[in-house]
Amino acid sequence: MRKNLNILLVEDDMIEIMKFNRTISKLACLHNIIEAKNGEEALEILYNSESLPDLILLDLNMPKINGLEFLSIIRNNDHLKYIPTVILTSSSDHKDVADCHQLGIAGYLVKPLKFSDYSESIKTVLDYWCYNEFVQA
Amino acid sequence: MHQKEQLLQKLKHQNEQLNDYAHLVSHDLKSSLRNLSALLAWVKEDCIEKIGAESVYNLNLMEAKIEKMDQFLEDIINYSEIGATSLKITTIDLNKELTKITESIHIPLNISIIVKGDLPVLKGDARRLRQVFQNLISNAVNFNDKEKGLVEVGVEEAEDFYTFSVKDNGQGIPKEYHEKIFKIFTTLGYQEKSTGMGLSVVKRVLDLYGGEIWLESEVLKGTTFYFTIPKKI
């Protein structure tokens, strides 16, 4: 059945976070969003919280621990490796795409230029994950 | 001799750095543009009732400029990637590739694209080769000014290489521009959206392949671009 998701959004850009929240606020589902400003902060949240998020949305280009480093850390952690992670980035660089897939991702979204297109793709991704069953940690 | 090698090494290194730099800067700028574009969309959404028609018009112009700049950055990224990564050689069926390409280009109803005869199956880097055909064909489509636009893709086989042609019945290119159009950022300004990078990408890919490109054109009547791809890379 369709359900509300616990989403960890790892994104350093303030306006990108605004874009995401504005999109979410117009959805029928009430998802629970946890924000992290970089990979380091995201790891702290994951290590310290009792329950894990259903889904991680991950930016690649971030200070401190970047998206790829973060991805590689959680994929090598037995406790965290099952969390589906969707990349949200402005880079369609082939090396980035290949590296992410190699580490294991549940999707790779290149942010469209227009906000309306962006909203549409976020909606589609979340709509899909709403209907999924997750490994409960 | 030793000195020459050192110099080459140094140049190669500098070239790589320059490519990385172009890449990095373009991506950062692209991110900022995404921000701007969203903010602009919100201002429009929230204020469209309150501001006058002139301001709406200006906001739309801003939006169009942002779009163009984004395309520009995309082209720079593409351009800097060529040569920065080595060619990935696979076997390519050009007939299939061409179908994919024509499907990916927006073609107005009054323009038709015809592939004459069978295209070869050859060894090459699919992405790069696609770029060559895609840029030449989309130029032929976008700049076409005729009521019934026609774009023809053809090929002739020689012993060591293929000569491909992309022919259009568009507005033609004056002789004095035949070399200049391959230079980066050069556009003849027929179209608001062009960034002047399409043909420089084509040229750069063909340089990498050891191919050549030239054109025949008659002003007002049309242009044919020819390019060669060696069979052995």
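Coordinate-derived values only; no laboratory data. All values reported here derive from a predicted model rather than from experimental measurement. Every residue, glycine as well, gets a Cβ built from its backbone with ideal geometry; the counts of neighbours run over all protein chains shown.
Phi angles of segment B:159-176 translate, via the Karplus equation with coefficients 6.51, -1.76, 1.60 and θ = phi - 60°, into HN-Hα couplings of 5, 9, 8, 9, 10, 9, 9, 10, 10, 10, 10, x, 7, x, 10, x, 3, 5 Hz per residue; Gly and Pro are given as x.
Distances between placed amide hydrogens fall under 5 Å for residue A:13 paired with no residue 5 or more residues away or on another chain.
Residue by residue along B:32-44, Cβ atoms of other protein chains within 10 Å of the local Cβ number 5 on average. Relative to the longest principal axis of the Cα atoms of chain B, the long axis of helix B:198-209 makes an angle of roughly 30 degrees. Each residue of segment B:137-148 was assigned a 3J(HN,Hα) from its phi angle through the Karplus curve 6.51 cos²θ - 1.76 cosθ + 1.60 (θ = phi - 60°); the sequence is 5, 5, 4, 4, 6, 5, 8, 6, 10, 8, 5, 10 Hz, with glycine and proline shown as x.
Listed by chain and number, the lysines placed with their C-alpha closer than 16 angstrom to that of residue B:203 are B:180, B:183; residues fewer than eight positions away on the same chain are left out.
Rounded to the nearest Hz, the phi-derived 3J(HN,Hα) couplings of segment B:116-130 under the Karplus curve 6.51 cos²θ - 1.76 cosθ + 1.60 (θ = phi - 60°) are 8, x, 8, 8, x, 9, 9, 8, x, 8, 4, 4, 5, 5, 4, where x marks glycine and proline.
Given the DSSP H assignment, sum -39500 (n - 2.57) over each helix run of at least 4 residues in the protein assembly as shown and divide by its residue total; what's the result at 222 nm in deg cm²/dmol, nearest 500? The partial results should precede the final answer.
Numbers: 10 runs with 172 residues, N = 370.
That calculation yields -15500 deg cm²/dmol at 222 nm.
What's the extension gain from residue A:101 to residue A:25 if we count 0.36 nm per residue and subtract their Cα-Cα distance? Spell out each step's value before the answer.
On the way: separation 76, 0.36 × 76 = 27.36 nm, distance 3.00 nm.
Computed gain between residue A:101 and residue A:25 is 24.4 nm.
Between residue B:224 and residue B:4, what length comes free when the chain is fully extended (0.36 nm per residue of separation minus the Cα-Cα distance, one decimal in nm)?
Numbers: separation 220, 0.36 × 220 = 79.20 nm, distance 4.05 nm.
Result: 75.1 nm gained on full extension.
Taking amide H as placed 1.01 Å from N in the peptide plane, residue A:87 has its amide H under 5 Å from the amide H of A:58, A:106, A:107, A:108, A:109, each at least 5 places away in sequence or on another chain. Working from Cα positions, state the angle (0 to 90°, nearest 10) between the long axis of helix B:2-47 and the longest principal axis of chain B. Once rounded, one gets 30 degrees.
What are the chymotrypsin sites (Phe, Trp or Tyr not before Pro) within segment B:109-188 that DSSP puts in a loop, where the Cβ has at most 15 other Cβ atoms within 10 Å?
Working: sites: B:133, B:143, B:161, B:162, B:164, B:177, B:182, B:185; in loops: B:143, B:185.
Those that pass, being in a loop and sparsely packed, are B:185.
Of all lysines in the structure, those lying under 27 Å Cα to Cα from residue A:64, and not within fewer than 8 positions of it along the same chain, are A:19, A:37, A:81, A:95, A:111, B:30.
Loop sites only, by DSSP: take the GluC sites (Glu not before Pro) in chain A that have at most 16 other C-beta atoms within 10 Å and name the longest stretch containing none of them. Display every interim value, and only then the final one.
Values: sites that count: A:50, A:133.
The longest uninterrupted stretch comes out as A:51-132.
Computed from Cα positions, the angle between helix B:94-104 and the longest principal axis of chain B comes to roughly 10 degrees.
Scanning chain B for GluC sites (Glu not before Pro) lying in DSSP loops with no more than 11 further Cβ atoms inside 10 Å, the longest uninterrupted stretch between such sites is B:50-146.
So which trypsin sites (Lys or Arg not before Pro) in segment A:2-75 pass both tests, a DSSP loop state and at most 10 other Cβ atoms within 10 Å of the Cβ? Don't skip to the end; give the middle numbers.
Details: sites: A:2, A:3, A:19, A:22, A:26, A:37, A:64, A:75; in loops: A:2, A:3, A:26, A:37, A:64.
Those that pass, being in a loop and sparsely packed, are A:2, A:26.
From the square roots a ≥ b ≥ c of the eigenvalues of the alpha-carbon gyration tensor of the protein assembly as shown, which class results: rounded (a/c under 1.5), prolate (a/b over b/c), or oblate? Could you put the intermediate results ahead of the total?
Details: a/c = 2.04, a/b = 1.54, b/c = 1.32.
Prolate shape, in that a/c is at least 1.5 and a/b is the bigger ratio.
For residue B:161, the amide hydrogen comes within under 5 Å of the amide hydrogens of B:231, counting only partners 5 or more places away or on other chains and with H modelled in the peptide plane. By the count of other C-beta atoms within 10 Å, a proxy for reagent exposure, B:178, B:106, A:101 are ordered fewest to most as B:106, A:101, B:178.
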